[in-house]
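> Encoded as structure tokens, here's the structure I'll be asking about.
The values are calculated or read from the model by the stated rules, or taken from the named source; none is laboratory data. What you see is a predicted model, and the numbers here were worked out from it, not measured in a lab. Note: ideal-geometry Cβ built from the backbone for every residue, glycine included; neighbour counts use all protein chains shown. Ligands, DNA and RNA are stripped out before the accessible areas are found, and what is left, the full protein with its side chains, is counted by its heavy atoms. Shrake-Rupley method; radii C 1.70, N 1.55, O 1.52, S 1.80 Å.
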Amino acid sequence: MDAMDAMDAVRRLGVGLAALGRPAYINVGSAGELPPGRSVEAMREATWSVLDAAYAAGVRWMDAARSYGRAEEFLGGWLAARAPEGVRVSSKWGYAYVGEWKTDAKVHEVKEHSLGRFQTQYEETRSLLDGHLAVYQVHSLTEESPLFRDVPLQEALAQLTAEGVRVGFSTSGPRQADTIRRAMGLEVAGEKLFSTVQSTWNILETSAGDALREADDAGLHVLLKEVMANGRLAVRPPLEVQNLASKHDVGPDAVALAAALSKPWAGTVLIGAVSTAQLQANLAATDVLLDEGDLGDMARLNVPAERYWAERSALSWT
């Protein structure tokens, strides 16, 4: 891949703060990369280090959520201190962080898609990211979400566009494609409600791919999350991924990211590095050009969505 193509790939990357804004998350293989003790100040410093390195490399998209502990606070502080140019910030509402900064909390987050939760969390987000927030997303929308029946909530979300904030949604679970297609049809006053979608896609879980391509065709900005399957593709990669990593002289994490970047409908691919070392290893993906044979090898690795999400739900918060 030439220098111009590599820079284009970097511009399509974003930093996700799910594993840096709180002391525990479902992120296989990251425990040794996080600061000892995982104090608030240590995690803040780690977040700023990753953001500094990502920005220096050319990454301009940063993603947080109300439920990512102090992620919005850390990000807002970094933005105020560094005054970076050209950064786009997305965040999410719908889950509340209740883990009390404990790695062994019985419950880390609680979901609620209601008008009251949206109004409360939007004000909280604005207090930390005002002036920087570009996209505000419904966190983990599913077909069963009351949002689909809550017209006042839909109308309140639509008002964000008047403030210059794009309205989006993220998805999780084995029926992501159904949720994406249903959400794409939501309208308020004759206008489409959503203009972005953030979904899980990786070489093991490809079930949302066709729906995401349709979303891109319809003009939505597509963001991919969990492209390394919560670290499993970096720490316990299939043999095919290990072989491709050796072929391209990179780590398996870079191969997994390169597979996501190979999708033309993926506008932004989020990476969840928790240290500068992990970040640099991830960025090697921008120099990897997978050929049709490589992509064909990985296409055979996908598993049924129900199985994938059952295995994900069995992962521990550490």
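> Here are 29, 37, 16: which of them is small (Gly, Ala, Ser) and under 30 Å from residue 154 (Cα atoms)? Walk me through how you get there before you give the answer.
Values: 29 fails: under 30 Å from residue 154 (Cα atoms); 37 fails: under 30 Å from residue 154 (Cα atoms).
Going through 29, 37, 16 in turn, just one is small (Gly, Ala, Ser) and under 30 Å from residue 154 (Cα atoms): 16.
> Take the conditions out of contact with any Lys or Arg (no Cβ under 9 Å at 6 or more places or on another chain), assigned to a helix (DSSP H, G or I) and not basic (Lys, Arg) and apply them to residue 125. Does it pass? Explain how you work it out, then say what you get.
On the way: out of contact with any Lys or Arg (no Cβ under 9 Å at 6 or more places or on another chain): no; assigned to a helix (DSSP H, G or I): yes; not basic (Lys, Arg): yes.
For residue 125, the condition - out of contact with any Lys or Arg (no Cβ under 9 Å at 6 or more places or on another chain), assigned to a helix (DSSP H, G or I) and not basic (Lys, Arg) - is not met.
> Might you check whether a residue that is more than 13 Å from residue 93 (Cα to Cα), open to solvent by 30 Å² or more (accessible area, probe 1.4 Å) and within 19 Å of the chain's Cα centre (by Cα) occurs anywhere in the range 160-168?
Taking every residue of the range 160-168 in turn, at least one turns out to be more than 13 Å from residue 93 (Cα to Cα), open to solvent by 30 Å² or more (accessible area, probe 1.4 Å) and within 19 Å of the chain's Cα centre (by Cα).
> Here's another thing I want to ask about it. Looking only at residues that are at pLDDT below 95 and among the hydrophobic types (A, V, I, L, M, F, W, C) in the range 27-81, which one is nearest to the chain's Cα centre (by Cα)?
28
> Which members of the range 271-294 meet the condition of being under 17 Å from residue 205 (Cβ atoms) and open to solvent by 10 Å² or more (accessible area, probe 1.4 Å)?
Answer for the range 271-294, where residues must be under 17 Å from residue 205 (Cβ atoms) and open to solvent by 10 Å² or more (accessible area, probe 1.4 Å): just 272.
> In the range 112-141, how many residues are under 18 Å from the mean Cα position of the chain (by Cα) and surrounded by fewer than 20 Cβ atoms within 10 Å (Cβ to Cβ)?
Of the residues in that region, 2 qualify.
> If we keep just the residues of the range 52-74 that are surrounded by fewer than 23 Cβ atoms within 10 Å (Cβ to Cβ) and among the charged types (D, E, K, R), which is nearest to residue 127 (Cα to Cα)?
My answer is 73.
> Considering only residues that are of a type in the set (A, V, I, L, M) and open to solvent by 50 Å² or more (accessible area, probe 1.4 Å), which ones fall in the range 170-192?
Answer for the range 170-192, where residues must be of a type in the set (A, V, I, L, M) and open to solvent by 50 Å² or more (accessible area, probe 1.4 Å): just 189.
> Would you confirm, using the coordinates I've provided, whether residue 79 is closer than 15 Å to residue 280 by Cα, of a type outside the set (Ser, Thr, Tyr) and surrounded by 15 or more Cβ atoms within 10 Å (Cβ to Cβ)?
The answer is no for residue 79.
> Inspect all residues belonging to the range 49-63 and state whether any of them is closer than 27 Å to residue 157 by Cβ, among the hydrophobic types (A, V, I, L, M, F, W, C) and touching a residue at least 60 places away in the same chain (Cβ under 8 Å).
Checking the range 49-63: at least one residue is closer than 27 Å to residue 157 by Cβ, among the hydrophobic types (A, V, I, L, M, F, W, C) and touching a residue at least 60 places away in the same chain (Cβ under 8 Å).
> For the range 88-106, check the following and say yes or no: at least one residue is touching a helix residue (DSSP H, G or I) at 6+ places or on another chain (Cβ under 8 Å), within 23 Å of residue 253 (Cα to Cα) and assigned to a loop (DSSP other than H, G, I, E, B).
Checked against the condition, which is being touching a helix residue (DSSP H, G or I) at 6+ places or on another chain (Cβ under 8 Å), within 23 Å of residue 253 (Cα to Cα) and assigned to a loop (DSSP other than H, G, I, E, B), the range 88-106 yields no hits at all.
> For residue 9, which of the numbered conditions (1) at pLDDT 95 or above; (2) assigned to a helix (DSSP H, G or I); (3) open to solvent by less than 30 Å² (accessible area, probe 1.4 Å) fails to hold?
Exception for residue 9: condition (1).
> Considering only the range 99-111, state which residues are over 20 Å from the mean Cα position of the chain (by Cα) and without any contact (Cβ under 8 Å) to a residue 40 or more places away in the chain.
Once the filter is applied, which keeps residues that are over 20 Å from the mean Cα position of the chain (by Cα) and without any contact (Cβ under 8 Å) to a residue 40 or more places away in the chain, the range 99-111 yields 100, 106, 107.
> Go through the residues of the range 303-311 one by one and say whether even a single one is part of a loop (DSSP other than H, G, I, E, B), among the aliphatic types (A, V, I, L, M), modelled with pLDDT of 95 or more and open to solvent by 10 Å² or more (accessible area, probe 1.4 Å).
Within the range 303-311, one or more residues are part of a loop (DSSP other than H, G, I, E, B), among the aliphatic types (A, V, I, L, M), modelled with pLDDT of 95 or more and open to solvent by 10 Å² or more (accessible area, probe 1.4 Å).
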